[in-house]
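Peer 1: Sharing a structure here in structure tokens format.
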Amino acid sequence: MALLTPEDLEDLLNKLRQSNETIKASTGKSITEICEEVYGTRPASQKVAIVPITAGNGIIGNFSSSLLAITEYFGLEGYITDHPDITGYHQAVSDGADILLMADDHMFIAHNLKSRKVAANHVCTGVIYSEIASRFIHAGSKDVLVIGLGRVGYAGAEHLVKKGFNVYAYDPNTEFMEKAIGELGVNAYDMNGPKQFSMVFEATPNANTISEGMIAERCLVSTPGIPCALPPELAENGDIDLVMEPLVIGAAAMLYSVF
Ligand code: NAD
Ligand code: 2YG
Ligand code: MG
């Protein structure tokens, strides 16, 4: 599993502002409006405790402070516990925190102690990035391409199927492909075929997973995957809208989802 680095999280709120401009231009709505519509919630006056976790590869520089900045950006009160792990968890619960945010190397969760709802980052990230792709205002059909059917990609594919889109998917892992075809009813995308998409949701840890033949001239690529799915020569093409951001959009979706 690819872990975030402190460098990924530099200048985070500026990256969010840029992504939000692209989201507004290509969907007509801001990230806040989209989260409100997807989850039917409007978080307010909740106290969010961020608990640093030392397990596995340990603390990621900028991770907790980024979560605090995100919490405050979306209008909630937040703080980082004085100690990590169980001691931090105990402090958060004793303080009367409403929502806990914490991550080890495998799971990143939001747990609302009052509503008892719990959200996993990979699910919320899949849902919100696929939702953004599906809202492209210049789309001429309900066909969406999903690249990568791992934890994030599968959740996004499932969300799109539930919303009534025609989902085409590709993953070199044949087990994941068979599961998505059998359980979700997605279409296997033929990379050598003529089909081109104006809505693309990409969720892989690899670069350059999108080539020119897959996409329509005017398209929206929505991807939480790091590094960038678009080769540099395509990323520079002004007709391709690219939404790609390392943490904020998925974390925001988690807060809306547990409210
Ligand atoms: P995962 O390992 O569960 O799944 C990745 C999938 O991509 C695998 O099934 C793999 O076979 C597939 N894949 C690899 N190369 C491919 C290719 N060329 N074409 C199609 N499929 C390909 O990973 P995940 O947990 O689903 O995460 C996906 C990416 O999203 C990672 O880079 C992760 O770090 C990132 N992520 C970002 C955010 C965010 O907020 N931006 C949040 C969560 C995860
Ligand atoms: O508390 C800390 O600082 C660390 N224990 C956080 C660990 C987070 C590990 N997870 C990842 O790096 C990501 N793959 C998932 C985070 C979602 C945003 N990309
Ligand atoms: Mg994100």
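Peer 1: Taking every DSSP beta bridge with both residues inside the chain, roughly what % is antiparallel (nearest 5)?
Peer 2: On the way: 8 of 34 bridges.
Taking every DSSP beta bridge with both residues in the chain, the antiparallel ones total about 25 percent.
Peer 1: Then there is this: What distance in nm separates the simple spin-label points at S141 and N57, each placed 7 Å from Cα in the Cβ direction?
Peer 2: 3.9 nm
Peer 1: So what is the diffusion coefficient of segment 96-236 in µm² per second by Stokes-Einstein at 4 °C and 1.567 mPa s, using a Kirkwood Rh over Cα pairs?
Peer 2: Working: Rh = 15.7 Å.
D, rounded to a whole number, is 82 µm²/s.
Peer 1: Find the accessible area per residue for segment 61-176; the probe is 1.4 Å, ligands and nucleic acids are left out, and the unit is Å². Please report the intermediate quantities before stating the final value.
Peer 2: On the way: 5150 Å² over 116 residues.
Solvent-accessible surface per residue comes out at 44 Å².
Peer 1: Another question about this same structure. Just going by the charge dipole of segment 1-140, with Lys and Arg at +1 and Asp and Glu at -1 on Cβ, which of I31, P6, I70 is farthest out on the positive end?
Peer 2: I31
Peer 1: On to the next question. At 20 °C and 1.002 mPa s, grab the translational diffusion coefficient of segment 179-259 from Stokes-Einstein with a Kirkwood Rh over Cα pairs, rounded to a whole number in µm² per second.
Peer 2: Values: Rh = 14.2 Å.
Answer from the Stokes-Einstein relation: 151 µm²/s.
Peer 1: Calculate log10 I(q)/I(0) of segment 149-223 for q = 0.15, 0.27 Å⁻¹, where I(q) comes from the Debye formula with a single equal point scatterer on each Cα and nothing for solvent.
Peer 2: These q points yield log10 I(q)/I(0) values of -0.48, -1.58.
Peer 1: Right, another one. Given charges of +1 on the Cβ of Lys and Arg and -1 on the Cβ of Asp and Glu, with all other atoms neutral, how large is the dipole of segment 57-162 about its Cα centre, in debye to the nearest 20?
Peer 2: Details: 7 positive and 11 negative charges, 110 e Å.
Dipole about the Cα centre, nearest 20: 520 debye.
Peer 1: Sticking with this one: How are the C-alpha pair distances of segment 31-118 spread across 10 Å bins, as whole percents from the shortest bin up?
Peer 2: Per 10 Å bin, starting at 0, the Cα pair percentages come out as 17, 50, 27, 5.
Peer 1: Can you give me the orientation-averaged projected area of the convex hull built on the Cα atoms of the chain, in nm²?
Peer 2: Details: hull surface 53.3 nm².
It is 13.3 nm².
Peer 1: How large is the helix-only mean residue ellipticity at 222 nm for the chain, computed as the sum of -39500 (n - 2.57) over DSSP H runs with n ≥ 4, divided by its residue count, in deg cm²/dmol to the nearest 500? Let's see the in-between values first.
Peer 2: Details: 9 runs with 94 residues, N = 259.
Mean residue ellipticity, 222 nm, calculated: -11000 deg cm²/dmol.
Peer 1: Another question, then. Which value, in debye to the nearest 20, gives the size of the charge dipole of the chain about its Cα centre, when Lys and Arg are +1 and Asp and Glu are -1 at the Cβ?
Peer 2: Numbers: 17 positive and 32 negative charges, 180 e Å.
For this selection, approximately 860 debye.
Peer 1: Which number gives the lysine pairs in the chain that have C-alpha atoms under 20 Å apart and are eight or more places apart or on different chains?
Peer 2: For the chain, the number of qualifying lysine pairs is 12.
Peer 1: Extending each Cα 7 Å along its Cβ direction at Q18 and L3, get the distance between those two points in nm, one decimal.
Peer 2: 2.6 nm
Peer 1: Going by the alpha-carbon gyration tensor, a ≥ b ≥ c the square roots of its eigenvalues, is segment 1-151 rounded (a/c under 1.5) or, if a/c is not under 1.5, prolate (a/b greater than b/c) versus oblate?
Peer 2: prolate
Peer 1: Given I240, T204, M254, which one lies farthest toward the positive end of the charge dipole of segment 185-259, if we put +1 on the Cβ of every Lys and Arg and -1 on the Cβ of every Asp and Glu?
Peer 2: Positive-end residue among those listed: M254.
Peer 1: Can you pull out the GluC sites (Glu not before Pro) in segment 152-259 whose DSSP state is coil and whose Cβ has at most 12 other Cβ atoms within 10 Å? List each step's numbers first, then the result.
Peer 2: On the way: sites: E158, E175, E178, E183, E202, E212, E217, E233, E236; in loops: E236.
Here the sparse-neighbourhood loop sites are E236.
Peer 1: Between K162 and K117, how many nm apart are label points set 7 Å from Cα along the C-beta direction?
Peer 2: Here the modelled spin labels are 1.2 nm apart.
Peer 1: Please report, as a whole percent, how much of the solvent-accessible surface of the chain comes from carbon and sulfur atoms (probe radius 1.4 Å).
Peer 2: Details: 5970 of 11780 Å².
Its accessible area is 51 percent carbon and sulfur atoms.
The values are calculated or read from the model by the stated rules, or taken from the named source; none is laboratory data. What you see is a predicted model, and the numbers here were worked out from it, not measured in a lab. When we count neighbours, we look across all protein chains shown, and the Cβ atoms used for this are built from the backbone with ideal geometry, even at glycine. Side chains are part of the model used for accessible areas, which takes the heavy atoms of the whole protein and leaves out ligands, DNA and RNA. Shrake-Rupley method; radii C 1.70, N 1.55, O 1.52, S 1.80 Å.
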